[in-house]
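Here's the structure we're looking at; comments come further down.
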Amino acid sequence: MENQLLTTTQAVDPVFIFILGCCFLLLLGITAAMIYFVIRYHRSRAPQPTSQRDGSLWLEVVWTALPTLLVIGMFYYGWSRYLVLREVPTGALKATAVARMWSWEFQYENGKTSDVLYIPVGKPVEVDLQSKDVIHGFFMPAFRIKRDVVPGMKNHVWFVADKAGSYDIFCSQYCGTGHSAMIAKAQALPPEQFAKWLSETTNGAENPAHELLEKYGCLGCHTEDGTKKVGPTFKGLYGSKVKVTVGGKEAEVVADDAYLHESIVAPAAKIVVGYPPVMPAQTIPEAEVKVIVDYLKNLK
C-alpha cells in the first residue's frame, strides 16, 4: 500500500501492535527461561557446578545478533510509518490551528474561523500549527497524532476521519495554569454538510462580539455561562462589585464600562483577587473593544 493511501491510524496502530507483541513474547520467553533455570539448577538438584566451560562464542553471537535485528526491525517499521505522518496526501483540505493560552482557534483558507475544527468525513485534512505565545502541543488521540506547536516554527499534522462524530483535541505541553482547560473539539461532518458549513459567509456575524472573544482567545480562560475557569466568568460581571489587587493592595471596584475597558486593554492594571495575573496584553482596535464591552454588559 502506498503512503498516500494510508491514514494516520493505519500507520501508527500496526507499529504499536508489532512492538507490543515483541515485548510480550520477550516477556514470556525470559520469564519461562528464568523459571526453568530456577527449577533445573536449584541447589538441591545441583549442589556443585558440573560445567567447566567459561564461554560460548555462538551463544554470544546469537544473543547479540537477535536483539540487534529486532531493534533495527522496530526502528525501520516505525520510521517508515513516521514518514507517512509527515507526507500530506494530495488534495488535502487545509486549515490552521492557532494556539494561545488557553484556547484553540481554527482558520480556513476562505477566511472562516471557528473554535471547533470542522472537517469532512473521508477526506485528508492538513492542519498547520501556530502558537501566539508559548509552546503548546496539538494532540488528537483518536487519530494518533501529537505535534509540538512552537512560536515561530512551521509545523503541521494531517489525518482522515473515517466516520462522522466528535473528537477531542488536547494541549500536550504544560503551558501555564489554564493548561488542563485547553480542550477543543474536531467535528467530522458528511462532505455535503461540511461544504455547506464552509460556504456560509456569516461566520458569527449574528454575534460579532462572541466572534471577537473567540478571535482573541478570551474564551480560553473566561466563560459566558457562569462557570469559573482560569479567569472569572463574564456572566453577571457588569455592574457587580469586584475585589481586585492594585499596586499590591486590595480594593473593591464596580465593574462598569471603564473597568471592562481597562481590563481588556491593560489587564495587569487591576488583578481580580483569587485569580492568577496571566492574561496577556493584546493590541485590540478600539472599535472592537467597544463591541466586546457592550456585549459583556448584557451578559446578565
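Values in this text are rule-based calculations from the coordinates and carry no lab data. The structure displayed is predicted, hence computed values, not measured ones. Cβ coordinates were reconstructed from backbone atoms using ideal geometry, including for glycine residues, and neighbour counts include every protein chain displayed.
Brief remarks on what is shown
- Under the span-like rule (Cα at least 24 Å along the axis, Kyte-Doolittle mean at least 0.0), DSSP H helices of the chain: 8-40, 57-86
- Among Ala269, Ala11, Ala32, the largest mean-square fluctuation in a Gaussian network model of the chain (Cα springs under 10 Å) belongs to Ala32.
- Hypothetical label at Ile135: residues of the stretch 88-121 whose amide nitrogen lies under 12 Å (7 Å Cα-Cβ projection): none
- Debye intensity ratio I(q)/I(0), log10, the chain, q values 0.11, 0.13, 0.16 Å⁻¹ (C-alpha model): -0.79, -0.98, -1.29
- Ranking Ile135, Gly152, Leu69 by how far each Cα lies toward the positive end of the dipole of the chain (charges on Cβ) leaves Leu69 at the top.
- Cross-link reach is defined here as a Cα-Cα straight distance under 18 Å, omitting same-chain residues fewer than 8 places apart; for Lys241 the lysines meeting it are Lys228, Lys249, Lys270, Lys297, Lys300.
- Available extension along the chain between Thr227 and Ser199 is 6.8 nm, counting 0.36 nm per residue and deducting the alpha carbon span.
- Length gained when the stretch Val38-Ser51 is fully extended (0.36 nm per residue, less Cα-Cα span): 3.0 nm
- Residues in the stretch 121-161 reached by a label modelled at Phe16 [backbone nitrogen below 15 Å; 7 Å Cα→Cβ]: 139-147, 160
- With the highest mean first, a sort of the peptides 159-168, 48-57, 277-286, 132-141 on other beta-carbon atoms found within 10 angstrom per residue produces 132-141, 159-168, 277-286, 48-57.
- If R0 is 51 Å, the Cβ-Cβ spacing of Val289 and Arg86 corresponds to a FRET efficiency of close to 0.80.
- For the chain, a simple Cβ point-charge model (Lys and Arg +1, Asp and Glu -1, everything else neutral) yields a dipole of about 1160 debye relative to the Cα centre.
- If the segment from Lys94 to Val278 were pulled out straight at 0.36 nm per residue, it would be longer than the present Cα-Cα gap by 63.1 nm.
- Protection proxy ranking, peptides 20-29, 122-131, average beta carbon neighbours within 10 Å, highest first: 122-131, 20-29
- Sites Lys300 and His210 - FRET efficiency at Förster radius 25 Å, r taken between beta-carbons, to 0.05: 0.95
- Given charges at beta-carbon only (K, R positive; D, E negative), |dipole| of the stretch 208-297 in Debye: 340 debye
- Helix-only mean residue ellipticity at 222 nm for the chain, each DSSP H run of n ≥ 4 adding -39500 (n - 2.57), per residue, nearest 500: -11500 deg cm²/dmol
- Cross-link partners of Lys163 among aspartates and glutamates, defined as those whose alpha carbon lies under 18 angstrom from its own and excluding same-chain residues fewer than eight positions apart: Asp13, Glu126, Glu192.
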